[in-house]
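Have a look at the structure that comes next, please.
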Amino acid sequence: MRWLFWDVDPDGLDLGEHARFVILRILEKGRLRDVRWLLEQYGEERVHELLRSTVTTVLSGRTLAFWRAYFGAEQEEWPTPPAFRRSSSPPWPA
């Protein structure tokens, strides 16, 4: 999984202290085996709680929709992603 953390020192990541960063990065960019590891490491409830309580610019609408369906949370209140994440247009002027 080191490839997922190309922009930081992977040896410096603390799974407890940097849990939000690790979870969001793996949910958005990870492979199936990475996600399996994540769910074993942190548990489904912790991941679910993070998603329903955190506004993030990291996760795409597609990723959020998948995890809402996975957790059966379509009726739950989840934070609204920023406008640029809800649009398919580029964030810069044309």
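Throughout, read-outs are computed from the coordinates displayed, never taken from laboratory work. Predicted model only: the values in this text are computed from it and were never measured. Please note: Cβ atoms are built from the backbone with ideal geometry, for glycine as well, and neighbour counts cover all protein chains shown.
Which net charge results when you count Lys and Arg as +1 and Asp and Glu as -1 among the other residues whose beta-carbon is under 15 Å from that of Leu15?
So the environment of Leu15 carries a net charge of -2.
A further question follows. Run the quick spin-label model on Glu49 and His18: label points 7 Å from Cα toward the beta carbon, then report their separation in nm to one decimal.
Roughly 2.2 nm, to one decimal.
Let me ask something else about it. Just to be sure I understand the model, the point goes 7 Å from the Cα along the line to the Cβ. What's the resulting Glu28 to Thr80 distance in nm?
With each label point 7 Å from Cα toward Cβ, the separation is 2.0 nm.
State, as an integer percentage, the relative contact order of the chain based on alpha-carbon contacts under 8 Å between residues 6 or more apart.
Values: 48 pairs, mean separation 22.9, N = 94.
Answer for the chain is 24 percent.
May I pose another question? What does region 32-82 give for Rg and for Dmax, in Å, if only its C-alpha atoms count?
Taking only Cα atoms of region 32-82, I get Rg and Dmax of 10.8, 29 Å.
Taking 0.36 nm per residue of separation and subtracting the Cα-Cα distance, what length does fully extending Ala65 through Trp6 add?
Difference between extended and current length: 18.6 nm.
Tell me the net charge near Phe5. Cut-off is 10 Å between Cβ atoms, Phe5 excluded, with +1 for each Lys or Arg and -1 for each Asp or Glu.
The answer is 0.
May I ask for the percentage of alpha-carbon pairs in the chain that lie more than 21 Å from each other?
35
Quickly estimate the mean residue ellipticity at 222 nm for the chain, helices only: each DSSP H run with n ≥ 4 gives -39500 (n - 2.57), and the total goes over all residues, rounded to 500.
Computed ellipticity for the chain at 222 nm equals -14000 deg cm²/dmol.
Rounded to the nearest 20 Debye, what is the dipole magnitude of the chain about its Cα centre when Lys and Arg each give +1 and Asp and Glu each give -1 at the C-beta?
Taking the Cα centre of the chain as origin, the dipole is about 440 debye.
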